[in-house]
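Report on one structure; see the data block that follows.
The values are calculated or read from the model by the stated rules, or taken from the named source; none is laboratory data. The model shown is predicted, which means the values in this text are computed figures rather than measured ones. Counting neighbours? That spans all protein chains shown, and the Cβs are built from the backbone with ideal geometry, glycine included.
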Amino acid sequence: MSREKVLNICNKLLLLSFYLLAVGLTFSNALTEIATGAIIVLWLLRKWIEKDYKLAAKRLTLILLLFVLWNLASFINSGYMDESIRGLFKVIKHSLLFIATLDYFKKEKGQQKFLIFILGVAFFISLNGIIQRIIGVDLIRQRTLTPFDDLRRISSSFKHSNDFGAYLIVIMTIILSLFFSRSRRLKERILIILASLPIGWCLLATHSRGAWMGFVVAFLFLAAVKSKRLFVLILFLLLLSPIILPSSIKDRFSDISTLSSQGTVWERTKLWSGTINMIKDRPILGFGVNTYTKNFPKYKPKDYPDVRYTHNSYLHMAAEIGIIGLGIFLAFLISLLISVGKGLSRLKKGLDRDLSLGLFAGTIGFLVHCIVDTHLYSVTLSAFLFLCLGLNVAFRNRALNN
């Protein structure tokens, strides 16, 4: 078999793996892991066949390499070496997924189709969420509504409502970017509205305050780029929100001012307090990557009965690999967002610009949600984030090359 045929098969399988990942991350850890592994292996194989060892976005790749090395350095403090080894492999896996994604899509012209496919998957996952609300169980994973939850929060095929909400931040922001595009015709806007209804309803029905706040930030950012009038309108509606919002939504924020009621906000303050004590104890290298749950019981407040993830991805990371390790990761994110933002400004008006701006703003909203949840440590959502980050840079590279 000729080199060209092998390369062609490799490219087709690689694209298929990306589509498989887009589906798998909505309901299956196993399928997400399989698809991610296939992407990495096939991408490395393609690089070897092409004899192309150049890496796109060298600065970002170098920061990621430094991040991997700092995770390795945290082994010095780890009392659970097996856990840390597994954690290091996760960091390497996500780093390679990011690099493979941006490297593949910077060459191929499939970004548009792939993102539209992701929107299509989200549409059906949202229909599944509506069915879950109606009959009490979703059709994909048989996940039931929490029996004692008066809010009847939906999660669709995701493990938790907050996870579903984080995913929908990105999806809904892309849809809004398409809707508010001046290049969309009336018929197209109507179709977009119809497609957005189940997705928007599901975002509300997750009753995830973190997802709502992340979405508001994403929408504000998108509006600031799209239209000053839209930005001002959203700010005005936010000011009126205590008056115009339904009582069910306003009630979700009521326990923020009642920390003694032992609600979820109270729970987070206890988790954060214990995690901050961990960081103070070992601020440089942390306790070792992937060892948070092993060490937190020693630091949790006495009046908090449970042992859980910290519900703040950034504090969680600082506890495991230290403040410097967190700083390296934030440097990667900030550098990526700045470079992508500058690149996207050069995209011509049209579908590429609408999709990329929506993805960019949605990714920012997702990262905001990570302040109050541990999505960076979810198998599916962490893969989703690094996939989105890679696609962001791929769009940026395409803009710079045009």
Give the residue, chosen from I154, I99, I125, I116, that is under 26 Å from S227 (Cα atoms) and under 20 Å from the mean Cα position of the chain (by Cα).
I116
Answer yes or no: is there a residue in the range 345-364 that is in contact (Cβ under 8 Å) with a residue 60 or more places away in the chain, closer than 20 Å to L66 by Cβ and surrounded by 23 or more Cβ atoms within 10 Å (Cβ to Cβ).
no
Over 30 Å from L139 (Cα atoms) and surrounded by 16 or more Cβ atoms within 10 Å (Cβ to Cβ) - does that describe any residue in the range 2-16?
yes
Would you please name the residue that is surrounded by the fewest Cβ atoms within 10 Å (Cβ to Cβ), looking only at residues in the range 283-333 that are farther than 14 Å from N71 by Cα and charged (D, E, K, R)?
K302
Of the residues that sit in the range 270-282 and are charged (D, E, K, R) and surrounded by 19 or more Cβ atoms within 10 Å (Cβ to Cβ), which one is farthest from I321 (Cα to Cα)?
K270
Which one is farthest from the chain's Cα centre (by Cα), of the residues in the range 206-225 that are buried (at least 24 other Cβ atoms within 10 Å of the Cβ) and aliphatic (A, V, I, L, M)?
L222
Looking at D163 and the list (1) surrounded by fewer than 18 Cβ atoms within 10 Å (Cβ to Cβ); (2) in contact with a helix residue (DSSP H, G or I) (Cβ under 8 Å, 6 or more places away or on another chain); (3) of a type in the set (D, E, K, R), which single condition is not satisfied?
(1)
Looking only at the range 140-160, filter to residues that are surrounded by fewer than 17 Cβ atoms within 10 Å (Cβ to Cβ) and among the polar types (S, T, N, Q); which one of those is modelled with the lowest pLDDT?
T146
For the range 92-99, does any single residue satisfy the condition of being in a helix (DSSP H, G or I), among the aromatic types (F, W, Y), surrounded by 21 or more Cβ atoms within 10 Å (Cβ to Cβ) and modelled with pLDDT under 95?
no
